[in-house]
Amino acid sequence: MKSLLNKPNTSKLAGLQLLLVGSMLTSTLFLTSCSKPVDKKAELATLKAEQKELDVKIKALEKEVGLSSEKTEAKVITVAVTPIQAESFKHFVEVQGVVTSKNILQVTPQMAGAITSLLIAEGQSVKKGQLVATIDNNVLKESLAEIKHQLELAVTLYNKQKTLWDQQIGTEVQYLQAKANKESLEKRIVTMDAQLAMSKVYAPISGTVEKVLLKAGEVGSPGVAIAQIVNVGDLKITAKIADTYVGSVKQGAGMTVKFPDINKELKTRISVVNALVDPITRTFGIEANIPNLGGNLKPNQVAIVNINDLTKANSLVVNQSIIQKTELGDIVYVAVTENGKKIARSKVVKTGISYNGNIEILEGLTAGDLVITQGYQELVDGTPVAY
């Protein structure tokens, strides 16, 4: 019966199409059979006008036939649904981080002089206080020996002057001069002993010798490093964060650190947030303490850092892909039952923050709604659905 109702429209459409063809054939025959010259441009314009009018009628009938067919054939769309529930929604900031050691120290001598011995090599492990190099101290030793000899004489003179003074023989000035000379030489010896000790260079921390910068025979001096020692057991991760996150990235925030090159990851918390924003890069620095993961981490190793800058409890969250843009705004389709039939209803929603393909729904949905997650591309409001 439904197909019969559609036949008049179909016949009318076919008739219009035949009329268009017939009109064009008649005009063609007329042009070829007429012996008198005609205005071909005018004739062409007339034919185009007739064709345009018929095209409009054909399109109108096609639309009418199509709508009638849609109404008579209400198609049921198979979909997948997921009941939406309140959950904790976390947002993360992903940046690149770098492993650094808290203890990377330069080994420098305290006195100038030629390096007479170098007792370390690159890659060698050393302990704090271990002797790593010696500086030429021959001049100091000779000076010390001379002063010690002078002290022996000064002590002898002092003892004699003291004995005489105790017996009230001689003058007090002679006694005091002998005493002052002895004490001055004793202080010089203490000073020179300390200088001799400076000719020995010790490791300031325990760790591994990363670089040896000078060789035996070269001249060392205060402020010029002989070697570099790194303690790889005391590490931290550093990263630069865009200043747009100044208000959300705080000390104590949780973070995940991934090391793609060794396929490892760990969790830690931010221990330091720098107080200043770099005026050129518009970033601020953060630090977090990390373990060495069995000695696999190296200073300057690159890592991927994910910082949890926002956590919202009891949030409604959907996959970002199911949200469709319309003139009414963002919509999400939900499955409902009306008059015993399952249909799709479009819900205009207000969205919040997004992360990793998921987005927060602030308005438009309620907990328990059956959100259509597959097949929504074919839906309009009121489409029958099955799931």
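Read-outs: derived from the displayed coordinates by stated rules, not from any lab. Predicted model, so just to flag it, every value in this text is computed and none were measured. Glycine gets a Cβ as well: all are built from the backbone with ideal geometry, and neighbour counts include every protein chain shown.
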Charge dipole of the chain about the Cα centre (unit charges at C-beta), most positive-ward option of Leu153, Val385, Gln195 = Val385
ask   = Counting only residues 5 or more places away or on other chains, whose amide H sits under 5 Å from the amide H of Tyr202 once H atoms are built in the peptide plane?
value = Val132
task = Using Cα pairs closer than 8 Å and at least 6 residues apart in sequence, work out the relative contact order for the chain, in percent.
result = 24
task = For the range 227-241 and the range 147-197, write down the distance between their C-alpha centroids in whole Å.
result = 54
query = How far is helix 40-72 tilted, in degrees, relative to the longest principal axis of the Cα atoms in the chain, given as a value from 0 to 90 rounded to the nearest 10?
reply = 80
ask   = Which length gain, in nm to one decimal place, applies between Thr78 and Asn292 when the Cα-Cα distance is subtracted from 0.36 nm times their residue separation?
value = 71.8 nm
key: Under the Karplus curve 6.51 cos²θ - 1.76 cosθ + 1.60, θ = phi - 60°, whole-Hz ³J(HN,Hα) for the range 292-302, x wherever Gly or Pro sits   = 8, 6, x, x, 7, 8, 10, x, 6, 6, 8
ask   = Which order results if Met198, Met255 are arranged by neighbouring Cβ count within 10 Å, fewest first?
value = Met198, Met255
key: Among Val56, Gly295, Gln174 the positive-end extreme of the charge dipole of the chain (Cβ point charges)   = Val56
request  = Report the relative contact order of the range 115-220, percent, no decimals, based on alpha-carbon pairs under 8 angstrom and at least 6 residues apart.
outcome  = 54
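What 222 nm value per residue comes from the helices of the chain, counting each DSSP H run with n ≥ 4 as -39,500 (n - 2.57) and dividing by all residues, nearest 500 deg cm²/dmol? Walk me through the numbers on the way to the answer.
Details: 4 runs with 120 residues, N = 387.
Roughly -11000 deg cm²/dmol at 222 nm, from the helical runs in the chain.
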remark   = With DSSP loop assignment and no more than 14 other C-beta atoms within 10 Å, the trypsin sites (Lys or Arg not before Pro) in the range 74-172 are Lys75, Lys127, Lys128
ask   = Within the range 266-369, which GluC sites (Glu not before Pro) sit in a loop by DSSP and count at most 15 neighbouring Cβ atoms inside 10 Å?
value = Glu327
query = Using a basic spin-label model with each label point 7 Å from the Cα along Cα→Cβ, how many nm lie between Gln320 and Asp278?
reply = 2.6
task = Assign unit charges at the C-beta atoms only (+1 for Lys and Arg, -1 for Asp and Glu), then state the dipole size of the range 115-220 relative to its Cα centre in Debye, rounded to the nearest 20.
result = 180
ask   = Is there a pair in Lys250/Lys312; Lys236/Lys298; Lys264/Lys312 whose C-alpha atoms are over 18 Å apart, and which pairs would that be?
value = Lys264/Lys312
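If R₀ is 51 angstrom, what is the calculated FRET efficiency for the pair Thr366 and Gln96, using the beta carbon separation as r and rounding to 0.05?
0.80
Once R0 is set to 25 Å, what does the formula 1/(1 + (r/R0)^6) return for the Cβ-Cβ distance between Val190 and Thr116, expressed as a FRET efficiency to the nearest 0.05?
According to the calculation, E is roughly 0.55.
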ask   = How far is helix 172-197 tilted, in degrees, relative to the longest principal axis of the Cα atoms in the chain, given as a value from 0 to 90 rounded to the nearest 10?
value = 40
query = Going toward the positive end of the dipole of the chain, with +1 on Lys and Arg Cβ and -1 on Asp and Glu Cβ, which of Leu235, Gly285, Asn263 do you reach last?
reply = Asn263
inquiry  = Under a Cβ-only charge scheme (Lys and Arg +1, Asp and Glu -1), can you give me the dipole magnitude of the chain about the Cα centre, in debye to the nearest 20?
reply    = 640
